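Have a look at the structure below, then the notes.
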Amino acid sequence: MNIDGLSQRAAHPKDQLLELHGSLFDLKCFNEDCDYIEIDNFDPNIIPQLKRAAESSATALPRCPKRSSLLLPNIVWFGENLPSVTVAEADSFIEQAEQIDLMLVIGTTAQVWPASGYVDSAIEKGARVAMVNIDRGDLVPGGGELGLTHRDWFFVGDAASIVPEMLKPVVGDL
Ligand SMILES: [Zn+2]
């Protein structure tokens with residue numbers, strides 16, 4: 001659910017990631033009829049362009065080379081649907097697994113469908129769940145919406161501190 005490319009920058013192979021909420025570094029055309037898209041545009045000059053545009057006119061904003069419409073970050077905005085292909089890939093990844101041992105849910109209360117459903121699906125396939133979040137939300141161990149039980153873990157706190165500690169026996173000191 002990260003849109004900031006954090007997983008990729010931590011060397012998580014891109015072909016093993018499903019970006020349910022898109023990426024800030026992919027640019028798509030504002031015109032819904034246009035299929036123009038730029039993948040992994042890390043050009044830092046996009047920000048100064050926006051700054052200059054705000055100070056002068058809108059002419060310096062990044063524009064689609066096909067239609068001259070504005071380019072937007074290719075992320076899911078409020079009220080928009082998640083990308084159906086990515087959701088289908090995530091569904092099938094979970095469905096194909098005969099057994100799931102562990103599910104890590106990091107930096108989210110996992111209250112929003114369909115991502116919240118993946119936790120339940122994993123539990124049905126035997127997974128123990130380890131959640132890390134600063135906010136417990138409405139979760140009640142043993143009776144919460146996600147069906148967490150005494151087999152599972154909920155670490156309340158900053159994922160940036162807790163996750164490296166959790167994974168130290170596996171990956172060592174970071
Ligand atoms: Zn376009």
Heavy-atom accessible surface of the chain: percent carbon and sulfur, 1.4 Å: 56
Per residue, how much accessible area does segment 97-171 show when a 1.4 Å probe rolls over the protein heavy atoms, in square angstrom? 59
Give me the dipole magnitude in Debye, nearest 20, for the chain about the Cα centre, with unit charges on the beta carbon: positive for Lys and Arg, negative for Asp and Glu. 520
Using just the helices of the chain, give the 222 nm mean residue ellipticity in deg cm²/dmol: DSSP H runs with n ≥ 4 each add -39,500 (n - 2.57), and the total is spread over all residues, rounded to 500. -8500 deg cm²/dmol
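Provide the net charge surrounding Leu82, with neighbours chosen by a C-beta distance below 15 Å and charges set as Lys +1, Arg +1, Asp -1, Glu -1.
Summing Lys and Arg as +1 and Asp and Glu as -1 gives -4.
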Would you mind calculating the relative contact order of segment 97-171 from Cα pairs under 8 angstrom and at least 6 residues apart, reporting the percent as a whole number? 30
Pairs of lysines 8 or more apart, or on different chains, with alpha carbons under 27 Å: count those in the chain, would you? 7
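The values are calculated or read from the model by the stated rules, or taken from the named source; none is laboratory data. Computed from a predicted structure; not experimentally measured. Quick reminder, even Gly has a Cβ in these numbers, built from the backbone with ideal geometry, and neighbours come from all protein chains shown. When the accessible area is computed, the model is the full protein with side chains, heavy atoms only, and any ligands, DNA or RNA have been set aside. Shrake-Rupley method; radii C 1.70, N 1.55, O 1.52, S 1.80 Å.
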